[in-house]
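The values are calculated or read from the model by the stated rules, or taken from the named source; none is laboratory data. Computed from a predicted model, the values in this text were never measured in an experiment. With ideal geometry, Cβ positions are generated from the backbone for all residues, glycine too; neighbour counts draw on all protein chains shown.
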Amino acid sequence: MSRIHEALKRAEEQRPSAWKPAEPTPFGVAGGEGGSASAVSRALYSPKWGEIPAPGRRLRLEELRQRSSKPGWKLNPDYDAFSPQHSSALCAEQFRTLRSRLYRLKEKSPLRTLVVTSTLPGEGKTFVALNLALAIARQHERRALLIDADLRASRIHVGLGAPSAPGLSDYLSGKADEFSILQADPKVELFLVPAGKPVPNPSELLANGMLKSFIDGVSPVFEWVIVDTPPVLAVADAGIIAEFCDGVMVVVRANKTPHDLVKTTLQEFRGNNLLGVVLNDASEGANYGGYSFRAGFGTDKK
């Protein structure tokens, strides 16, 4: 890891101000994913439709704080890299490093909305999305919004111990408004939009324009909006969402995902500001050169 970090640092210092990533880059190594927790079933308040802001209207922070639900999350320590019960402090540190890398990219190019996806199921994308959001929200006066856009196999609410509905699917299908799908934690500046109730047509809902309008309306309030999407090779959802987000980060599980499938996934996002790759569940000091990941940015071959 130290060699990769040194190479990343050197590449960042040499990068021109107008830089935009042309090649995927390794952000770091994260921990594994696992465990489950029962979701909180408390009903959430839904404002009257007359109170709903016009689509695309920019919402204010105090408005979000006052009107979002606060169900009292109970984080599952198996999903929480920062939990004292977690087996590895190194895992938490890697998420701090990932957070730092993203803020450095943000200084060079306008970045606020981030898609987190993977090639196949079970690579840890939800674990990475959740802990990256926690790492951001644990900073002083830093706010993050986490959106579970995996309407086919949602898991973020399980890790947070949060209600799964009303959520994104309910909003996209016109059954809920912006405020009733937003949850907040009064202890940290983390907001959540869970996936919502199962629907038969996820791709059509994600492409109907309402998610883009919602993100455009809330994103100015947050440092980062992190969107967890389904795996790329399974369905088209991640590609749909990437079209109106600022960047894409791909999670790859070490010693599991075939190299050719990773290359196919990365090609899917060549036109969508592919920021890089997170190598998940990697052993410290192991050689993962078979993936041909770059240790630098752009054309850096290190």
Report task. Just give me the residues in region 204-218 being farther than 12 Å from ASP150 by Cβ and within 20 Å of the chain's Cα centre (by Cα), in sequence order. Result -> LEU205, ALA207, GLY209, MET210, LEU211, LYS212, SER213, PHE214, ILE215, ASP216, GLY217, VAL218
Report task. Identify all residues within region 203-240 that are at pLDDT 95 or above, of a type outside the set (A, V, I, L, M, F, W, C) and under 23 Å from ALA162 (Cα atoms); write none if there are none. Result -> ASP228, THR229, PRO230, PRO231
Report summary line: Expected output for region 67-96 (first residue closer than 23 Å to GLU123 by Cβ and free of Cβ contacts under 8 Å to residues at least 60 places away in the same chain, partner aromatic (Phe, Trp, Tyr) and surrounded by fewer than 20 Cβ atoms within 10 Å (Cβ to Cβ), Cβ below 7 Å, 6+ apart or cross-chain) is ALA92/PHE82
**Report entry** Subset tally (residues that are touching a Leu at 6+ places or on another chain (Cβ under 7 Å) and assigned to a loop (DSSP other than H, G, I, E, B)) for region 152-179
**Finding:** 5
Query raised in the report: Quick check: anything in region 180-187 crowded, with 22+ Cβ neighbours inside 10 Å, in contact with a Lys or Arg (Cβ under 8 Å, 6 or more places away or on another chain) and modelled with pLDDT of 95 or more?
Result: yes
Query raised in the report: Which condition number does ASN272 fail, the rest of (1) part of a loop (DSSP other than H, G, I, E, B); (2) in contact with an Asp or Glu (Cβ under 8 Å, 6 or more places away or on another chain); (3) at pLDDT 90 or above being met?
Result: (3)
Query raised in the report: What number goes with the only condition from (1) in contact (Cβ under 8 Å) with a residue 60 or more places away in the chain; (2) under 23 Å from ALA162 (Cα atoms) that LEU266 does not pass?
Result: (2)
